[in-house]
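So the structure is just underneath, and the comments pick up after that.
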Amino acid sequence: MIPIPISTPNLFHIALLIAIALAVTLWVTPVVRRMSVRAHLVDRPAARKVHTTAVPRLGGVGIMSGFAAALLLEVAGEMWLSWQPILLSGDKQVLGTVLGVAVIFIVGLVDDIRGMKARTKLAGQLIAAVVTIAFGLKIDFFANPFGPGRLAIDWLSYPLTALWLVGFANVFNLIDGLDGLAAGIAGIAAMSFLALAFDMNQAIAAVLAASLIGGCLGFLRYNFNPASIYMGDSGALSIGFALGCVSLTGVMKSAAAISLVAPLLIIGVPLFDTASAIIRRRRHGRPIHEADNGHIHHRLLHRGFTQRQTVLLIYAWSGALAIGGYAMRDEILPSPLARLGVLAFMLGLSAFLANRLGLFDPARAHGDDTNPRRRDARRKPRA
C-alpha cells in the first residue's frame, strides 16, 4: 500500500473522516433499526411525546459506530499511511476521551434496553467523567473573557470538569424531544468546535469533532422528521459527552478569552433550555427531574409550528449562538468591550426568545396530554 502523507489537520483529512463516519452511520443505522423492532426496543407514544407510532430507539448505536469508524481510520492512517500522529501522539487524554465516551455509551445503551433509575444513570455518567479526568483531561484554568490573565483553579478542576462533562451529556439528553433536534444541534456544535480547532491548531479536537459531524449527519438521514429511529440515551448522552471532551481538548486549552465563553454559547440552546427547565420546576414546586411540556420545542409546537418548522427554527437559533461563540476569538474581537457587547447581545436575544415562548411559565406535567401533535390523529404514520 502506498503511504498517503497528510499534514494534519487539513481539509482533505477532515473531509475523509467526516465521509467515513457518515457512510458507516448510514449503513449501520438501518440494521440497528430492524434489530430494534425485532427485539421490541421501541419508544411508544405517550402523553408528553409527539410521535403517534412506536419508533425504534437504539439509533445511538449507529452514531457511535460512525464515530468509532472514523477514529479507527485515523489510527490506521497514523500506523500505516504515514499520517502525522494525532491519536497515537502519546497524549493520554485521547485514551481518556475514548474510554469516557465508551462508558457513557454503555450506560445509555443499558438504559435504552432495560431502563435505569435516575440515580443509577447519573452514577454511570459520573464514572465516565472520572475515567476521562483520570487520564488528564480537565479544566486547569479559566481565562478572563474580557481582559488579559487567567485564573488557576487547583483542586476545583476535578469537580468542575466532572460537572462540565456530565452537564454537556444531560443538556443534549433533555433537548432530544423532536425528530432530528439533538442530532442537528450536535452537528452544528461539532462544526463550530471544528472551526475553532482549525484556527487554534488543536489537531485532536479537530479529529474528534469531524468524526462526530459525520455520525450526526448520517443519522439525520433517518432521524429527521418523520423519523424512523430515535437516538435514545445511548446517542444523546454520548454525543453530549463527546462534545464536552472536544471542548476540553480544543477550545478550553486556550488561554485566550474564547476558552470559557465560546463552548457555552455554542451549546447555548440546549443549555438555556435545561436552565429554564430547572428554574421553572423549582419556581412552581416540582422536582427538577420531573418531565413536563415546557421545553423550547413544546412551546413552539403549542404555538402552531410543525415539527420541521420547530426544528429548523431551533437550528437557526443554535447557528446564531455558534457564530457568536466563534466571534469571541481575540483575533476577531480584540477589544474586551466588543466581546462583552457580543455576549450581551446573544444573551439578550436568548432571553427575549425565552420570554416570548414563556419558558419560565408553568408547564403541564408528564401525565397531561396537552401536546397538539398528539391530538392531531390525521398525521401520516411513520414508516
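(1) touching a strand residue (DSSP E or B) at 6+ places or on another chain (Cβ under 6 Å); (2) under 26 Å from Leu163 (Cβ atoms): which one isn't true of Ala209, the others all being true?
For Ala209, the exception is condition (1).
Quick check: is even one residue across the stretch 154-165 touching a Phe, Trp or Tyr at 6+ places or on another chain (Cβ under 9 Å), assigned to a helix (DSSP H, G or I) and either closer than 15 Å to Asn223 by Cβ or at pLDDT 95 or above (or both)?
So far as the stretch 154-165 goes, yes, one or more of its residues are touching a Phe, Trp or Tyr at 6+ places or on another chain (Cβ under 9 Å), assigned to a helix (DSSP H, G or I) and either closer than 15 Å to Asn223 by Cβ or at pLDDT 95 or above (or both).
What number of residues within the stretch 107-125 are surrounded by fewer than 15 Cβ atoms within 10 Å (Cβ to Cβ) and either within 19 Å of the chain's Cα centre (by Cα) or among the small types (Gly, Ala, Ser) (or both)?
3
Would you mind finding the one in Arg308, Arg379, Arg281 that is modelled with pLDDT under 80 and either in a helix (DSSP H, G or I) or crowded, with 18+ Cβ neighbours inside 10 Å (or both)?
After applying the criteria, what remains is Arg281.
Quick check on my filter: what residues within the stretch 107-128 are of a type in the set (A, V, I, L, M) and without any contact (Cβ under 8 Å) to a residue 60 or more places away in the chain?
Result: Val110, Met116, Leu122, Ala123, Leu126, Ile127.
Give the residues of the stretch 214-245 that are in a loop (DSSP other than H, G, I, E, B) and either in contact with a strand residue (DSSP E or B) (Cβ under 9 Å, 6 or more places away or on another chain) or not polar (S, T, N, Q) (or both), sorted by residue number.
Phe224, Pro226, Ala227, Ser228, Ile229, Tyr230, Met231
For the list (1) surrounded by fewer than 24 Cβ atoms within 10 Å (Cβ to Cβ); (2) of a type outside the set (A, V, I, L, M); (3) part of a helix (DSSP H, G or I), I need the number of the one condition that Ser211 fails.
In the conditions (1) surrounded by fewer than 24 Cβ atoms within 10 Å (Cβ to Cβ); (2) of a type outside the set (A, V, I, L, M); (3) part of a helix (DSSP H, G or I), Ser211 misses (1) alone.
Any residue at all in the stretch 112-129 that's under 23 Å from Asp179 (Cβ atoms), assigned to a helix (DSSP H, G or I), out of contact with any strand residue (DSSP E or B) (no Cβ under 6 Å at 6 or more places or on another chain) and among the acidic types (Asp, Glu)?
yes
Among the residues of the stretch 311-353, count how many are of a type in the set (S, T, N, Q) and closer than 25 Å to Gly180 by Cα.
Residues meeting the conditions: 2.
The values are calculated or read from the model by the stated rules, or taken from the named source; none is laboratory data. On a predicted model such as this, the values are computed, not experimentally measured, just so you know. Note that each Cβ is placed from the backbone with ideal geometry, even for glycine, and that neighbours are counted across all protein chains shown.
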